[in-house]
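Heads up, the thing below is written out as structure tokens.
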Amino acid sequence: MTPIAEEMTPSNNTTMDTEDDESDVIDNDGTEGEEEEEEDDESIDLAPSLWSTPSYYRITRKGKVLKNVSERYVRDDLGLGFCMSPSTTSSSSKHRFSTGVTRKISSPGELISLLCTPSSSNNSNTSTTAPTKRKRKRKKTSTTSTTAPKVTRIAICDTNVLLHNLDLLEHPSNAISNIVITQTALAECRHNSFTAYGRVVDLLRSSGETTTTTTADGGGGKRCAIFFPDVHHVDTQLTSNTTNKTTASPSINDENDLRIRQVCEFYTKSLKNTDVQVVLLTDDVGCRNKALEEQSKKKSKSGMYKACSVREYVRTLEEEDSSLSLLDVVAQFTVAPSSSTTTTSTTRSSFKRVFPPHLSSSELLLGVKSGQYFQGILRTERASSSGNFSAYEKCYVTIRRGDERIAVSVIGLKDVNRAVDGDLVALELHPVTQWIGHEKDDEEKEDSLKKKDEEKKKKEQTTNDTSGGATIAADTAEPNIRDEDNVRDSVLVPSSTSSSSMTELRPTGKVVGIVRRNFRKNYCGSIYTAVKTITMNVEENDAELSKEEEEEGEVTQDSKAEKKKKKKQKKKGQKNDENTTEDTTTPAQARKQQQQQKTEREKITSENEIEHPDGTTTCVFFAVDNRVPPILIRTTQRDRLLGKRLLVAIDSWPAESKYPLGHYVKTIGDAGKKDVETEVLLHEHDIPCDPFPAKVLACLPPDDYKIVKTPDRLDLRHLPVLSIDPPGCKDIDDALHCTVLPNGNYQVGVHIADVTNYVKAGTAIDLEAAKRSTSTYLVNKRLDMLPGLLTTDLCSLKGNVDRYAFSVLWEVTPEADIIDVDFRKTIIHSIAALTYQQAQGLIDQPEGDSTNDIQAGAVKRLASLARKFRARRIGAGALTLASPEVKFVLDSESLNPTDVQAYALFEANALVEEFMLLANVTVGKKILRHYPTLSVLRRHPAPNRGMFDSLISKAKCRGFAIDIEDSKRLADSLDAAQIEGDGYFNKLLRILSTRCMSPAQYFCSGEYKPTDWHHYGLAAPVYTHFTSPIRRYADVCVHRLLAAAIGVDPLPVHLSSKSYLHDLAANMNRRHRAAQLAGRASVQLHTLIFFSGDNSGKEEDAYILDVDTSEGVEPSFTVIVPRYGIEGRVRLSNISANDANLVREPELHRISYKDDATGKVATSIQVFEKVRVKIWVNIVQENQKELVVDLVEPKIGPTQEVSASSDDGELTGKGDANRTGQNTPPSKKRKK
């Protein structure tokens, strides 16, 4: 029994399942035990309420035939199923109905009283708030009425409906209001997807509730969800007569389908002579055909049930209630036909196979077992550019080769073969000659990828999200496969040129089958339509021409082309006479040329948008996450959904479709709005943002909780402890003190909030913190790892209150030599909560003024020690890196940004940082001595030369050498790279150096060799996180390890498992990275909002990070704007890709433009140069916006003046330094 079956059936119902093992092997004729089976069947017929012995046969991996027999008790007192009693349901908490009472439905009359009839359901309720639905084009039918009569139905769902159409069953409209879920379908659902199983259980528990959510399709209806224990019900047992009618040896799936059809017959028989219609909901064509066949043979007098697909059933509901719009939510599994009235672009051959077919399960099983195929989870590499639509084409699968794990690259749509991120796939390796790194084939593959990238660069790129062309500058490189998963991405193979030598290659492969799909529940994004774009362009062009004709009194159709022709000639004048030819382009031809120069998004949209005979339209959905391929959804409300942020689920990916099929789930809101986009970024980065559940809040101390001295704690309340944090900080998790000892040395203490005093291992609050792993900081809000009572009160080391702490105490000489160290649980009393500015003021005080000032004396001593500690770290090779971070000044009411400022760093910042680093290193060494294989540490791998090649080349062209042999040499070479008069150049090098490194990772010490524990950036052999337990779960684990190491508390059992620590570290790394990306996305969103308020744009100084010197592409370069922390690509659209005056110098990272008259270089653009740019906001579609960066100075390109508008009223391109009004969005360019 499944847990819900035990919950919803009487407690005295027991089940005994037995399965024979190798002893049950029989001959192929299957004759063994036939006599015993016949006797069993006779006994069941005589006493049907006692027990049954269902059996089935299966083939083992060794090829033997097994007979599985399960002994099962059956009952005759289970009635018509069970449902939750409405009077006992409660929605007061997230975990509702945990103690609800089930209600047995004893008779058909009782069942009918529970069913939601059309008059009581919300289907008849036409909500006044529901938007008007787009009129559909349906086929004409013989009926004269537009609304069919409403019928009370009870829908019995098969497993596939539960797995793929839960969004429809859960829809707030409760259109499918009467649902029967069988134990067979529920158990099969649990086997396939535990997530779906949980949602089905919640659906059953919601029976009798009234939905209060108002949707576009209405709301406020009731739902009757019934659980039917068909496995133990005497009237739905499968007898030998029943099973023999199907096949000689039915499969498990066949028996499950048959059992569900038996339930349909039982309900049909029970509800005879009533107006209730029984419906079998299944998308399995074979199951529907068998249902029809079985009913036609039986010709039951009790009536027949109806078997139909989900889409057919929803159409019936919409015919009865025109206010419904549920076809959008129905899952798709096949490519739908197009309407005969569609345009040429939609009449393509959609049913030709695009991908090779996946192998069957048996073939995959045998292939994996024989070693021909490998099994692993497919992961998609996150693209560095949001405008790159091929991110989902570059994947890898981690496979095992002996004790090693190796990442196999899967590149290209054909090789990825319809797999998406997270799928468990079967992989076939390519021949070694096709691996990356092999001389000939590597060049071909790289050339192919380079060619594809260059083709993308030629097109005007748009992006998947509102971030637009300019983005927030990144801090570090994306974590690579080797560092993130501790796997190799290359192997040594014999060299093809020499039999005695080895060469390192990156293996490649292709997906041959999907072992288990892992489509994420929902994806955020927006739909785009080619029809609306074309219509808008045509209307705008025609309106402009008509206006010009009215001004001159011209009304003929022919005058349009002539007028446009004259306008072109007038613009061009006598410039470049030798290259100018007469242009006779008509408006229609101009529009055709415009459509030929579509962006990639528009091209995909125009090729895949289809209108169907039933009035629905297949639209293309682009997810915010560019690792997700475009999704084809079928909707009746295309126009309503344009400009909205949507949630869409993937249903399937047939071999006949280039892109996966999905369905609409819900609308989040208007694209571009701050609250909507914030919800999108939280969803996309999987940031937990739900309120803490009641069971977590129950773990908190009571309201009258008092902090008192306990015998096991050292009382340090007499010491002058103080904290130094940013202004407005509420979650203060660290404090410091420094006093002079009688021997002249200093006692230095780092005091960290004792979070584990309140968060006990294994409790609900601990599990919730482990799941969240970190607090997430957005521009306008903070999402805490722990409830607010701990985060901002009991654990926050605020001034002038007692607090529990975990302290590290050193005895240090004035020359910063550490004499001794101690670790204690303490109680402290902070005398001050200083800001960085206040602490800096104390540091800057003259010596005489601070003699009697306790705070100033402590801060000055700490600053003196911090300088010495820092000098030693840097001397050991620690890196001083930089980040282009900025902060926003927010409006007090709207919380919209009013200004952007760079972070001001003080010596006080470095003071706190130095002692936190010291505490982390000290604690790391301590726990490692006691738990050498169970310590939670943090490592930063050394970068390989390939990651630094580009930076080394760029620095070389400016006369500087970057040495990366070790961190010490890198630090020295960065220190030496100084340009007099340009202070930002050195910071820029440090920013780019940071990007050449992978981010640090949490790990369990037992998984890596000691040589791999090293933290490259800090030049520390051992490092961990101890100082921020309020906002990082890794620190909580380290606190527990340290407490066990000093004998204060025992080590929790789960921290003794290396496998648990591996999973925990992986989750912490994922959550930490997601929080960083969410924070960056929030900064990017607010940057866009800030610039949206200025129609004229803003001019600022920028530095060139990279120059694109590729041949055959439009010249462009990437800049960073220090003032705003913005990074964007500037496209020189006034220079054609094949301009003879354009000079590309890849080795110097420079492009130049020669003067026509003299032939000498007039202007050049080189990496690291300072330029002047203008930043403005461009509207892509509806509310979709992007930041655009244009060049102002220096001017580069043809000397003649370039018009702001092209002949058809569109901009000549972005990045044109010479055009007029370059800060104005394209939609405003048509005004004269």
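The values are calculated or read from the model by the stated rules, or taken from the named source; none is laboratory data. Small disclaimer: the values here were computed from a predicted structure and weren't measured. FYI the Cβ positions are ideal-geometry reconstructions off the backbone, even for glycines, and counts take in every protein chain you see. To get the accessible areas, we keep the full protein, side chains included, count just its heavy atoms, and leave off ligands, DNA and RNA. Shrake-Rupley method; radii C 1.70, N 1.55, O 1.52, S 1.80 Å.
Residues in segment 711-717 carry Karplus couplings, in order, of x, 7, 10, 7, 7, 10, 5 Hz; the curve used is 6.51 cos²θ - 1.76 cosθ + 1.60 with θ = phi - 60°, and Gly or Pro positions show x. Stokes-Einstein diffusion for segment 991-1036, with the hydrodynamic radius set to the Kirkwood value over Cα pairs and evaluated at 10 °C in a medium of 1.306 mPa s, equals 129 µm²/s. I'd like the distance between the alpha-carbon centres of segment 642-677 and segment 1017-1049, rounded to an integer number of Å. If you average the Cα positions of each part, the centres end up 42 Å apart.
Starting with the highest mean, order 976-988, 366-378 by the number of other Cβ atoms within 10 Å, averaged over the residues of each peptide. Don't jump to the answer; show the numbers that get you there.
Numbers: 976-988: 13.9, 366-378: 16.3.
Going by the mean number of other Cβ atoms within 10 Å, highest first, we get 366-378, 976-988.
Of the peptides 882-895, 639-652, 698-711, the order by per-residue mean of other Cβ atoms within 10 Å, starting with the highest, comes out as 639-652, 882-895, 698-711.
My understanding is that a pair violates if its Cα-Cα distance is over 18 Å; which of Lys1174/Lys1195; Lys414/Lys521; Lys673/Lys1185; Lys521/Lys781; Lys868/Lys987; Lys771/Lys825 do that in this structure? Numbers along the way, then the final one.
On the way: Lys1174/Lys1195 13 Å; Lys414/Lys521 25 Å; Lys673/Lys1185 11 Å; Lys521/Lys781 26 Å; Lys868/Lys987 23 Å; Lys771/Lys825 26 Å.
As for pairs spanning more than 18 Å Cα to Cα, those are Lys414/Lys521; Lys521/Lys781; Lys868/Lys987; Lys771/Lys825.
Only protein atoms count toward the accessible area here, which uses a 1.4 Å probe; on segment 818-918, the carbon and sulfur part of that area reaches 50 percent.
For segment 1094-1193, carbon and sulfur atoms together expose 40% of the accessible surface, with a 1.4 angstrom probe and every protein chain in place.
Mean silhouette area of segment 1094-1193, derived from the convex hull of its C-alpha atoms and averaged over all directions, reads 7.4 nm². Scan around Thr182 for amide H atoms under 5 Å from its own, H built in the peptide plane at 1.01 Å from N, and keep only partners 5 or more places away or cross-chain. Correct list: Cys157, Phe228. Computed from backbone phi with θ = phi - 60° and the Karplus coefficients 6.51, -1.76 and 1.60, the 3J(HN,Hα) list for segment 161-178 is 5, 5, 7, 10, 10, 5, 4, 6, 5, 8, 3, x, 5, 6, 4, 8, 8, 10 Hz; x is used for glycine and proline.
In square angstrom, what is the accessible area per residue of segment 1094-1193 with a 1.4 angstrom probe? Please list the in-between numbers first.
Working: 3760 Å² over 100 residues.
I get 38 Å² per residue for this part.
What the phi angles of segment 282-292 give under the Karplus curve with 6.51, -1.76 and 1.60, with θ = phi - 60°, is a coupling list of 7, 9, 8, 4, x, 5, 5, 5, 5, 4, 5 Hz, glycine and proline written as x. When each of the peptides 1139-1149, 504-514 is scored by the mean number of other C-beta atoms lying within 10 Å of its residues, the order from highest to lowest reads 504-514, 1139-1149.
Solvent-accessible area per residue in segment 641-787 equals 39 Å², computed with a 1.4 angstrom probe and all protein chains kept.
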